[in-house]
Amino acid sequence: MDTIFALATAQGRAGVSVVRISGPEASDCAKVLCGSLPPLRQAGLRSLHDEQGELLDQALVLAFACPNSFTGEDVVELHMHGSIAVVSAVLRCLGAGSARMADPGEFTRRALDNDKMDLAQVEGLGDLIASETEGQRRQALRVLDGALGKKIEGWRANLIRAASLIEVTIDFADEDVPVDVSPEVQSLLGLVFDEVQVELNGFAAAERIRTGFEVAIVGPPNAGKSTLLNALAKREAAITSERAGTTRDVIEVRMDLNGYAVTLLDTAGLRDGVDEIEVIGIQRAVQRAESADLRVFLINPGEDVPVQMGVNDIQVAPKGDTRKDSVFSVSGRTGEGIAELTDRITDALSSMTSSAGLATHARHRDAMTASLDALRMAQNCVGNGPDQYDIAAEEIRSAIRSLEALVGHIGVENLLDEIFSSFCLGK
């Protein structure tokens with residue numbers, strides 16, 4: 001196994017930069033730079049020198065012995081001053097020795113290979129690194145903590161028990177088996193089926209937390225949609241004008257809305273278009289509004305637009321700074337009602353994600369769907385009696401394999417390069 005190294009912190013100037021070394025020769029490579037290592041898991045101040053003995057920097061050095069490290073190998077970390085020149089010099093010295101520069105995600109891949117993490121945890125780590133909002137951070141940490149893997153281990157144990165009961169019956173098919181195992185088997189299969197189904201039902205909401213929601217602002221021309229978008233985004237993201245039909249295309253603004261990753265959509269005013277370009281803009285507005293996760297209807301009471309309002313959608317009256325009635329309204333110009341609208345959007349998103357599960361990637365969904373299909377077949381076969389127990393046993397094993405693939409125990413080699421390619425060198 002090669003010894004690898006990489007910058008584990010962001011590129012560029014910083015207060016502190018960390019270079020990580022992992023592999024069988026990690027300690028020897030570090031000693032070339034700093035002479036000696038401090039006691040394991042204790043930080044020690046060391047001077048770093050190049051091969052000619054020239055001082056490069058002073059650094060805090062941390063050493064970890066296998067298997068008690070992130071990668072499960074010997075690991076040394078050099079916490080240096082965050083100078084571009086210092087980091088370049090240290091990486092150059094390490095590259096001149098027996099170690100090589102790590103590939104993207106190679107540290108985490110070694111953690112997977114050494115059973116320090118399962119594949120779902122790896123994806124959770126990737127999501128944590130990419131998280132932009134508090135909701136994404138919390139969700140990624142739950143997966144990184146191994147919560148999904150623990151669930152799957154429980155399902156797997158129940159299915160192994162069910163398969164063993166069926167196979168015992170098959171093995172003793174020519175003898176009198178005093179106990180009918182089918183009730184216990186059906187109970188175990190039903191328990192796992194229901195729990196996997198619940199997790200699968202929460203996939204869409206969990207995926208939306210990870211990737212973000214689309215919230216479309218819809219309404220007639222000159223209702224103040226662009227002004228409202230700017231007020232919510234707290235910047236001039238869209239052109240505003242008293243002239244109706246200013247917005248011709250869908251304008252998108254990505255933002256953190258009370259912990260949720262949200263893309264706000266400012267759509268063209270919905271009316272009969274006066275020219276060909278506006279007609280195209282209105283068609284796009286209707287399409288994006290209908291496909292959005294949530295819609296904010298900026299319309300007066302009784303006003304109609306060609307987009308159907310959903311259960312979680314929000315209706316708010318425009319130009320609240322000029323209104324005399326008591327209806328809920330906003331004014332993007334003065335900020336009136338903006339805080340309440342933000343709270344209502346947050347409440348709607350919270351309602352939509354209340355059933356969010358731990359499965360967050362399409363790969364998770366596909367594995368659980370395959371497992372459910374196999375469990376459904378197994379239940380039918382067990383119900384048809386001992387003549388189909390051999391088929392039931394194979395279907396249970398298929399369900400187990402699907403769940404094991406979810407956490408990377410089998411059948412995912414072709415996915416690993418794609419998954420780890422999105423990681424930075426230091427991970």
Q. For segment 73-113, which residues satisfy the criterion of being open to solvent by less than 20 Å² (accessible area, probe 1.4 Å), assigned to a strand (DSSP E or B) and within 12 Å of Thr3 (Cβ to Cβ)?
A. Val75, Val76
Q.
Of the residues Leu148, Leu159, Leu144, Leu189, only one is without any contact (Cβ under 8 Å) to a residue 60 or more places away in the chain, aliphatic (A, V, I, L, M) and farther than 30 Å from Gln308 by Cα; which?
A. Leu144
Q. Do the conditions hold for Arg137, that is, is it assigned to a helix (DSSP H, G or I), within 27 Å of the chain's Cα centre (by Cα) and surrounded by fewer than 21 Cβ atoms within 10 Å (Cβ to Cβ)?
A. yes
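Give the residues of segment 190-217 that are open to solvent by 30 Å² or more (accessible area, probe 1.4 Å) and either part of a strand (DSSP E or B) or touching a strand residue (DSSP E or B) at 6+ places or on another chain (Cβ under 6 Å) (or both), sorted by residue number.
Glu214 - this is the single residue of segment 190-217 that is open to solvent by 30 Å² or more (accessible area, probe 1.4 Å) and either part of a strand (DSSP E or B) or touching a strand residue (DSSP E or B) at 6+ places or on another chain (Cβ under 6 Å) (or both).
Of the residues Glu336, Glu395, only one is charged (D, E, K, R) and part of a helix (DSSP H, G or I); which?
After ruling out the rest, the residue left standing is Glu395.
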Q: Could you tell me whether any residue of segment 63-72 is part of a strand (DSSP E or B) and either surrounded by fewer than 18 Cβ atoms within 10 Å (Cβ to Cβ) or at positive phi (or both)?
A: no
Q: Would you point out which residue out of Leu33, Leu48, Leu37 is open to solvent by less than 50 Å² (accessible area, probe 1.4 Å), more than 22 Å from Asp113 (Cβ to Cβ) and in contact with an Asp or Glu (Cβ under 7 Å, 6 or more places away or on another chain)?
A: Leu48
**Q.** Contacts under 7 angstrom Cβ, first residue in segment 299-327 being more than 19 Å from Asn222 (Cβ to Cβ) and open to solvent by 50 Å² or more (accessible area, probe 1.4 Å), partner not β-branched (Val, Ile, Thr) and not in a strand (DSSP E or B), 6 or more apart
**A.** Asn312/Ala348; Asn312/Ser351; Asn312/Met352
Q. If you go through segment 347-367 one residue at a time, do you hit one that is on the phi < 0 side of the Ramachandran plot, in contact with a strand residue (DSSP E or B) (Cβ under 9 Å, 6 or more places away or on another chain) and hydroxyl-bearing (Ser, Thr, Tyr)?
A. yes
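The values are calculated or read from the model by the stated rules, or taken from the named source; none is laboratory data. Remember, predicted model here, so these are calculated numbers, not experimental data. Note that each Cβ is placed from the backbone with ideal geometry, even for glycine, and that neighbours are counted across all protein chains shown. Surface accessibility is based on the protein's heavy atoms, side chains included, excluding ligands, DNA and RNA. Shrake-Rupley method; radii C 1.70, N 1.55, O 1.52, S 1.80 Å.
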